[in-house]
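Colleague: Have a look at this one.
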Amino acid sequence: MANGITIRSSIESLENTPNGLDALRDGYGKMQGISDNRGWIYWSGIHGFAQFMCWHHGRAGMGDLVPYDLFLPWHRAYLLYFEHTVRDQNNDAALPWWDWTSDNAHTIGIPNSFATDPVLASGPMPAIPPDAARQTNRSSADPGGLPTADDVNKLMSLGNFVDFSTQLQDIHDSVHGWVSGDMGVVATSAFDPIFWSHHCMIDRIWCLWQLQNGVNNIPADYLDKALAPFALTVQGVLDINRLGYEYADALVTVGT
Amino acid sequence: MSVKGRFTSPPLRLNLGPAGLNFARADIEVYGLDQSGPSYEGRIFLNNPRADAETPPLPENGYAGSFHVYGYGIWPGDIGKDRETRALQSDDIRAPIRKDVIATEAVRAAATRGPDISITIVPVYPGNPPRDANEALKLEGARIVIHEDDLFSDEDAIPA
């Protein structure tokens with residue numbers, strides 16, 4: 001933390017820092033052992049099974065006729081609440097982003113720590129009939145199939161938020177499919193620890209886009225939309241500094 | 001009416017505006033796309049109705065780009081039911097979606113060869129080699145949208 005602001009770093013930088021992942025590992029490990037509403041299964045279950053409160057793509061909310069797309073603001077709020085819950089277990093923890101455009105990612109795919117560490121390589125899942133409770137699994141494809149820095153940099157020139165969000169969501173969708181296994185479907189993806197770092201990367205890309213295109217660049221009729229079940233509206237999540245976090249090297253583009 | 005499995009459109013006549021082939025951007029819109037099942041990649045080929053999972057995604061094969069479906073997979077209310085019996089309301093979070101694939105140069109190249117363009121969508125599961133995912137693809141249709149300029153308004157960008 002710096003000046004009360006939580007600094008989110010990349011997985012790669014934490015792997016290259018002595019004890020860099022200790023706080024995250026400790027926080028995740030404790031959450032994975034808790035069965036109440038402070039625990040891993042409760043918080044991961046908000047996204048998919050069993051609560052299915054996530055927002056993806058344009059759709060009409062309850063009682064609405066006009067579709068809108070809260071994918072980016074909803075997941076920003078979700079990550080924020082999740083990070084606070086992790087920090088309740090270890091105050092030094094911060095969500096790290098997985099830069100799947102990096103040379104390292106295009107060589108090895110899943111980061112080493114998230115492939116080998118017991119707490120980071122999988123997460124607990126509840127029983128989903130007809131399957132019993134178990135740990136998550138993955139079936140990743142060729143690392144060369146991950147999005148590239150060029151794929152992401154092209155999005156930065158899209159000045160319209162809805163257009164940018166639509167294109168970024170497809171990149172997001174592709175990475176879920178690339179990891180596959182439980183990360184491959186909405187119902188189970190959030191139980192995998194890599195989910196949070198994947199979405200941290202998505203949120204960071206939005207932040208970088210906001211720096212170039214305007215923090216408040218979003219349709220005006222989105223601003224008062226509630227981000228259920230979180231006590232936030234879209235307006236409330238536009239500025240990450242006001243939410244109490246920042247991305248390390250925010251002015252550095254992806255792929256570095 | 002939904003189409004399941006491999007999809008090839010009839011020849012689509014482009015509505016080019018005053019800019020002709022010098023349009024700023026061309027999108028391939030895939031609409032009414034089912035997202036309630038598995039996840040897969042939808043590879044788009046122009047004027048290549050024979051394209052399949054083994055066709056290299058290269059410009060010389062008419063490859064224009066891909067969209068990716070992040071499927072819902074398991075749904076509590078559907079456990080024990082056949083996927084075909086689902087009826088998804090428009091405000092259901094699993095309601096069909098639209099994907100917009102920016103394919104400017106591929107469309108321009110195809111349009112240079114003639115005004116009618118067919119769209120073929122080949123669904124594949126990731127892997128080496130990728131596997132056919134025909135049973136996953138279900139959609140209403142696809143079309144090409146030409147943008148004369150790159151001034152994208154909120155009206156242009158109806159959420160997909």
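Colleague: Return yes or no: is B:G73 within 14 Å of another protein chain (Cβ to nearest Cβ), on the phi > 0 side of the Ramachandran plot and at pLDDT 95 or above?
Modeller: So B:G73 fails the test.
Colleague: Go over the candidates A:T101, A:T116, A:T107 one by one and state the one that is at pLDDT 95 or above, away from every other protein chain (no Cβ under 14 Å) and within 21 Å of B:P129 (Cβ to Cβ).
Modeller: A:T107
Colleague: Condition (residue is of a type outside the set (F, W, Y) and either in a helix (DSSP H, G or I) or buried (at least 21 other Cβ atoms within 10 Å of the Cβ) (or both)) applied to the stretch A:60-68: is it met by at least one residue?
Modeller: no
Colleague: Continuing with the same structure: Going by the structure shown, is B:V3 of a type outside the set (D, E) and modelled with pLDDT of 95 or more?
Modeller: no
Colleague: Kindly list the number of the only condition in (1) part of a helix (DSSP H, G or I); (2) in contact (Cβ under 8 Å) with a residue 60 or more places away in the chain that fails for A:A115.
Modeller: (2)
Colleague: Pairs needed: first member in the stretch A:1-26, aromatic (F, W, Y); second member anywhere, not in a helix (DSSP H, G or I); C-beta distance under 6 Å; at least 6 residues apart or different chains.
Modeller: From residues that are aromatic (F, W, Y), there are no pairs.
Colleague: Follow-up question, since we're still on this one. Please enumerate the residues belonging to the stretch A:141-156 that are within 21 Å of A:V185 (Cβ to Cβ), touching a residue at least 40 places away in the same chain (Cβ under 8 Å) and either touching a Leu at 6+ places or on another chain (Cβ under 9 Å) or surrounded by fewer than 18 Cβ atoms within 10 Å (Cβ to Cβ) (or both).
Modeller: Passing the criteria: none in range.
Conditions (1) closer than 21 Å to A:G45 by Cα; (2) over 19 Å from the mean Cα position of the chain (by Cα), marked per residue:
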residue: A:T101; (1), (2): no, no
residue: A:P118; (1), (2): yes, yes
residue: A:G123; (1), (2): yes, no
residue: A:D170; (1), (2): no, no
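Colleague: Oh, and also: Looking at (1) within 20 Å of A:F195 (Cβ to Cβ); (2) in contact (Cβ under 8 Å) with a residue 12 or more places away in the chain, which one does A:N37 not meet, given that it meets all the others?
Modeller: (2)
Colleague: I'm trying to understand the selection: among the residues of the stretch B:124-140, which are under 15 Å from B:G32 (Cα atoms), of a type outside the set (A, V, I, L, M, F, W, C) and crowded, with 16+ Cβ neighbours inside 10 Å?
Modeller: Hit for the stretch B:124-140 is B:K138, nothing else.
Colleague: Could you run through the stretch A:131-176 and say how many residues are at the interface with another protein chain (Cβ under 9 Å from one of its Cβ atoms) and in contact with a His (Cβ under 7 Å, 6 or more places away or on another chain)?
Modeller: Looking only at that region, the number is 5.
Colleague: Against the definition (more than 8 Å from every other protein chain (Cβ to nearest Cβ), closer than 29 Å to A:A187 by Cβ, modelled with pLDDT under 95 and surrounded by 18 or more Cβ atoms within 10 Å (Cβ to Cβ)), how does B:R94 come out, yes or no?
Modeller: For B:R94, the condition - more than 8 Å from every other protein chain (Cβ to nearest Cβ), closer than 29 Å to A:A187 by Cβ, modelled with pLDDT under 95 and surrounded by 18 or more Cβ atoms within 10 Å (Cβ to Cβ) - is met.
Colleague: Given the residues A:S197, A:S180, A:S174, A:S165, which is the only one that is closer than 12 Å to A:H75 by Cβ and hydroxyl-bearing (S, T, Y)?
Modeller: Within the list A:S197, A:S180, A:S174, A:S165, the selection yields A:S165.
Colleague: Could you list, in sequence order, all residues of the stretch A:184-199 that are more than 9 Å from chain B (Cβ to nearest Cβ) and not polar (S, T, N, Q)?
Modeller: Once the filter is applied, which keeps residues that are more than 9 Å from chain B (Cβ to nearest Cβ) and not polar (S, T, N, Q), the stretch A:184-199 yields A:A190, A:F191, A:D192, A:P193, A:I194, A:F195, A:W196, A:H198, A:H199.
Colleague: Just to be sure I understand, how many residues within the stretch A:218-234 are surrounded by fewer than 15 Cβ atoms within 10 Å (Cβ to Cβ) and assigned to a helix (DSSP H, G or I)?
Modeller: Qualifying residue count for the region: 2.
To keep it simple, each residue is scored yes or no on (1) surrounded by 14 or more Cβ atoms within 10 Å (Cβ to Cβ); (2) under 12 Å from A:G123 (Cβ atoms); (3) under 20 Å from the mean Cα position of the chain (by Cα).
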{"site": "A:T6", "(1), (2), (3)": "yes, no, yes"}
{"site": "A:S10", "(1), (2), (3)": "yes, no, yes"}
{"site": "A:S13", "(1), (2), (3)": "yes, no, yes"}
{"site": "A:N16", "(1), (2), (3)": "no, no, no"}
{"site": "A:A23", "(1), (2), (3)": "yes, no, yes"}
{"site": "A:D26", "(1), (2), (3)": "yes, no, yes"}
{"site": "A:D36", "(1), (2), (3)": "no, no, no"}
{"site": "A:W40", "(1), (2), (3)": "yes, yes, yes"}
{"site": "A:S44", "(1), (2), (3)": "yes, yes, yes"}
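The values are calculated or read from the model by the stated rules, or taken from the named source; none is laboratory data. Just so you know, these numbers come straight off a predicted model, no measurement behind them. Every residue, glycine among them, receives a Cβ derived from its backbone with ideal geometry; neighbour counts consider all protein chains shown.
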